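The values are calculated or read from the model by the stated rules, or taken from the named source; none is laboratory data. Only a predicted model underlies this, so the values are computations on that prediction, with no experimental measurement involved. Cβ placement follows ideal geometry from the backbone for every residue including glycine, while neighbour counts extend to all protein chains displayed.
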């Protein structure tokens with residue numbers, strides 16, 4: 001919209017945005033003041049990887065290639081900062097990364113707030129995805145276990161390919177009314193980054209409901225007890241519905 005105020009431009013924290021290949025496309029005032037060195041005119045058009053020494057460069061390169069959230073704190077010259085890096089999307093398509101950098105106190109108040117339950121009310125149980133998914137509403141997404149090659153030849157992957165728009169050759173991400181999470185490349189630890197990426201994606205698309213199948217518990221050969229903990233963060237995401245067997249493990 002024309003004349004719409006850019007509230008981020010004059011914010012008290014640094015915002016830097018780059019494309020998926022690392023090219024910097026936006027820096028707000030605080031970011032320019034923080035990262036421009038004497039003699040630098042601008043960093044727009046430069047590659048963000050060239051602005052980071054090792055090991056940060058390698059980590060950022062991996063985040064660009066395998067988008068997921070990354071948060072940490074640093075201390076430099078007596079100043080403590082919170083760094084939050086997260087992928088950004090345009091119409092559901094991954095476009096790159098943005099970083100927020102803000103100064104924070106060394107000692108911060110931490111409050112834990114829990115809703116006060118109604119007297120006599122039973123704890124609300126998280127809804128589960130259907131055991132058998134044969135059709136989808138327009139806003140629903142079928143989440144299935146895939147392989148990195150995107151060879152959707154069996155199990156839930158075949159259903160996703162034949163019925164809901166999964167693309168042959170695409171083993172990661174949102175295609176049609178499906179979301180693919182690779183599970184065939186190694187142990188559980190190799191699956192976790194893709195699950196984290198999926199949860200972040202779902203949180204950024206609250207208009208969609210993601211129906212998770214028993215990912216990894218078919219052809220991949222894992223158990224519910226091995227796979228469910230990877231989705232623990234999804235228990236607090238309203239638009240992700242997990243299979244009942246996962247919820248049962250996580251509620252123990």
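Below is a table of values for the structure above.
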quantity	calculated
Within region 143-157, considering residues that are in contact with a strand residue (DSSP E or B) (Cβ under 9 Å, 6 or more places away or on another chain) and farther than 14 Å from residue 167 by Cβ, the one modelled with the lowest pLDDT	155
Test result for residue 197, modelled with pLDDT of 95 or more, outside the structural domain of residue 86 (by TED's automatic domain parsing) and more than 16 Å from the chain's Cα centre (by Cα)	no
Where residue 22 falls short, out of the listed (1) closer than 26 Å to residue 61 by Cβ; (2) modelled with pLDDT under 90	(2)
Test set (1) at pLDDT below 95; (2) under 20 Å from the mean Cα position of the chain (by Cα) - residue 211 fails condition number	(1)
